[in-house]
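The values are calculated or read from the model by the stated rules, or taken from the named source; none is laboratory data. Predicted model only: the values in this text are computed from it and were never measured. Reconstructed Cβ throughout: ideal geometry from the backbone, glycine too, with neighbour counts over all protein chains shown. For accessibility, only protein heavy atoms count, side chains too; no ligands or nucleic acids. Shrake-Rupley method; radii C 1.70, N 1.55, O 1.52, S 1.80 Å.
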Amino acid sequence: MPDSSKHLLLVGDEGPLRQAVAEQLTDRGFTVEQAESGEAALARLAEFAFNIIVTDLRLPGIDGSAVVEAAVGRYPDIIAIVVTGYGTVKDAVEAIKRGASDFVNKPFQIDELLHALDSAIEQRRLKSENAYLRAQLQERYRFEGVVGKGRAMSRVFQLLETVAPTNSTILITGETGTGKEVVARAIHHNSPRRMFRFVALNCTAIPETLLEAELFGHVRGAFTGAVGNRQGRLEQAHKGTLFLDEVGTMSTALQTKLLRVLQEREFERVGDSHTTKVDVRIIAATNGDLARMVAEGHFREDLFYRLNVIPVELPPLRERKEDIPLLVQHFLDKFRGEAASARTSDVAPVFRPAITVSQDAMRRLMAYSWPGNVRQLENAIERAVAISAGRSQIDVTDLPVEIQQAQEPALPSTVSLPEDGLDLDAFIAHVERELIERSLERTGGNKGRAAKLLNLKRTTLVEKLKRFGKSSA
Ligand SMILES: Nc1ncnc2c1ncn2[C@@H]1O[C@H](COP(=O)(O)OP(=O)(O)OP(=O)(O)O)[C@@H](O)[C@H]1O
Ligand SMILES: [Mg+2]
C-alpha cells in the first residue's frame, strides 16, 4: 500500500529528465505526479493536498519560487524542495525565504535529492510531534481551565463527571461561545480514552463535497485528486474521541452514513468496498435546535436519538452571571501572563504584576448581556489588558463601548412578556419592591448601604419604604 504521507508533485519543464527522476522516486516509495509548468503545478495543488513538492526553480511562466510560495500558502505543512540549475545560491535562498525546505543543484544524483527529502521529512516529523505534544498539554490545561462554580455550571460538571468515563455518545448544545468545545475536550480528558486522540471536525468549515472524504477517508482513485489512500478523521480518532462540531449542518446523505457508524462502528472509505471498523467515542455539538430541525425534516430523527443519548446543555452566560467574576479572573491571569511575557524576554522568569478590575468596570461586566457568551468576555478582557498597558487596574474605559454602556437593569434576561400581556406599572412596582427588599436583606437592614447598592439616595429609599409600608398597611 502506498504511503499516504509521500504524495509528491514533481515540477519541471524538461520532460525526459523529469520522467527519469519520477521513476526513481517511485522506486523509493513515493507516489509521484508530474507537472510540466508552474501553471500546471498550481492547478494540481488546488485539487490535491500533496505532502511534498519538488520543483525546478527556473520555469518558463510562473517560476519555482512562486510555486513554492503558493504551495506553502495553501498547505503550511508541505515539504518544498527546489532544484536550481544555475548554482546561484541567491535564487535558492530566495526560494527558502518563500518557504522551501531545501535546495539541490543541477545536475544532481538521485541520492542527493533523496537525502534532502529524508532530512526534510524527519524535521517535519519532529516538528509535528512537538506540536502534537504541545497541543496535548494545552488541552490538559484547558480541561483544568473549564471555569464555573455557580448552580448552572455545577450541574453541568456533575453530569460530566458521571458520563465522561463511559462510552456514551454525547450531544452538547449551547449558544455560540458557551464552551461546547472546551467541554468536549474536558470529557475526553476525563475518560479512559485520554491516552488517545481527541479529533475535532467542524462540519461547517469543510465544503460539503469534501466532508465525506474528510470524515471517512478515501482510497486511491475514488475521485479526481485521490491519488492515494487517506485516513479520515474517524480512523484518526480510533480508540479516542471524535468531536463533530456543528453537526446540524450535515447533509442528509452523510447523516445516513454517520448513523451507521453510530450503530455498527463501521464504515467504508470513499471508493472502498472494504469495511473498516473503528472504536471511537462520539461527541457532537450544535448551536442550533436539532429537535426543531427534526420536526422540520432537516435532520434524521433516528440520528438525533442516537446522538442525543446524553444531552449536555450549556447555559448562556447571561443566565449564569455569578460565574462572571471568576471567568474575568481566569482571563486576567491568562492575558496578563501573555502581556508580561511579550514585554520581557522569553528566558527571564516572567514577572506578573497583579491586575484588578475596578468596581465600576465589574459592575458593567455583570450588567452586560453577553450575546457572544464566554468567548466575547474572553475577547473583552484580552482587549482590556492590552489597552491598560501595564496599569494595575482595568477601568470602564478599557472595556468595549457596548459594555461600557451596559446598565444594571432589573434582571432583564429573566423577564419575559406573558402571552396575555401584563400591567406594566404594577409589574415595575413589584420588581422595585422585590429589589429593595433584597438589598436590605443583603446589607442586614442597613438602609445606607442598601441605597448605595441600588444607586439611590438614602432619603429616596426611605421614601419608598414608607410608601410600601402604607400600601401594605
Ligand atoms: N467555562 C469556561 N471556562 C473557561 N473558558 C471558557 C469556558 N467556556 C468557554 N471558554 C472559552 O471561550 C471560548 C469559546 O469556547 P468554545 O470554543 O468552546 O465555544 P463554543 O460553544 O464551541 O462556540 P461556537 O458555537 O461559536 O463554536 C474559548 O476560548 C474557550 O476557551
Ligand atoms: Mg465551537
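Some points to look at:
- If the condition is being in contact (Cβ under 8 Å) with a residue 24 or more places away in the chain and open to solvent by 60 Å² or more (accessible area, probe 1.4 Å), then the stretch 74-102 contributes R74, D77, Y86, E94, R98.
- Answer residue from the stretch 416-470, given it is of a type in the set (A, V, I, L, M, F, W, C), over 21 Å from R363 (Cβ atoms) and within 45 Å of the chain's Cα centre (by Cα) and is modelled with the lowest pLDDT among those: L417
- In the stretch 25-48 there is at least one residue that is of a type in the set (F, W, Y) and in contact with a Pro (Cβ under 9 Å, 6 or more places away or on another chain).
- Pair list, Cβ under 6 Å, 6 or more apart: the stretch 267-291 residue closer than 30 Å to P316 by Cα and of a type in the set (A, V, I, L, M), other residue open to solvent by 20 Å² or more (accessible area, probe 1.4 Å) and in a loop (DSSP other than H, G, I, E, B): none
- Test: T162 is under 24 Å from R265 (Cβ atoms), in contact with a strand residue (DSSP E or B) (Cβ under 7 Å, 6 or more places away or on another chain), away from ligand 1 (no atom under 13 Å from the Cβ) and polar (S, T, N, Q): no
- Counting only residues that are within 14 Å of ligand 2 (Cβ to nearest atom) and among the acidic types (D, E), the stretch 144-185 holds 2 of them.
- Qualifying residue in the stretch 361-369 (condition: touching a helix residue (DSSP H, G or I) at 6+ places or on another chain (Cβ under 8 Å), among the charged types (D, E, K, R), surrounded by 14 or more Cβ atoms within 10 Å (Cβ to Cβ) and within 19 Å of E319 (Cβ to Cβ)): yes
- Qualifying residue in the stretch 390-400 (condition: touching a Pro at 6+ places or on another chain (Cβ under 8 Å), under 22 Å from V182 (Cβ atoms) and touching a residue at least 12 places away in the same chain (Cβ under 8 Å)): no
- Matching residues, the stretch 135-178, being at pLDDT below 90 and on the phi > 0 side of the Ramachandran plot: G148
- Helices (runs of 4 or more DSSP H) within the stretch 370-451 that include 2 or more residues surrounded by 14 or more Cβ atoms within 10 Å (Cβ to Cβ), aliphatic (A, V, I, L, M) and within 16 Å of ligand 2 (Cβ to nearest atom): 373-388
- The stretch 182-197 - residue that is open to solvent by 40 Å² or more (accessible area, probe 1.4 Å) and closer than 10 Å to R281 by Cβ and, of those, farthest from ligand 1 (Cβ to nearest atom): P192
- Pairs linking a residue in the stretch 349-361 that is farther than 13 Å from A389 by Cα to a residue that is at pLDDT 85 or above and surrounded by fewer than 10 Cβ atoms within 10 Å (Cβ to Cβ), with Cβ atoms under 6 Å and 6 or more positions apart or on different chains, do not occur.
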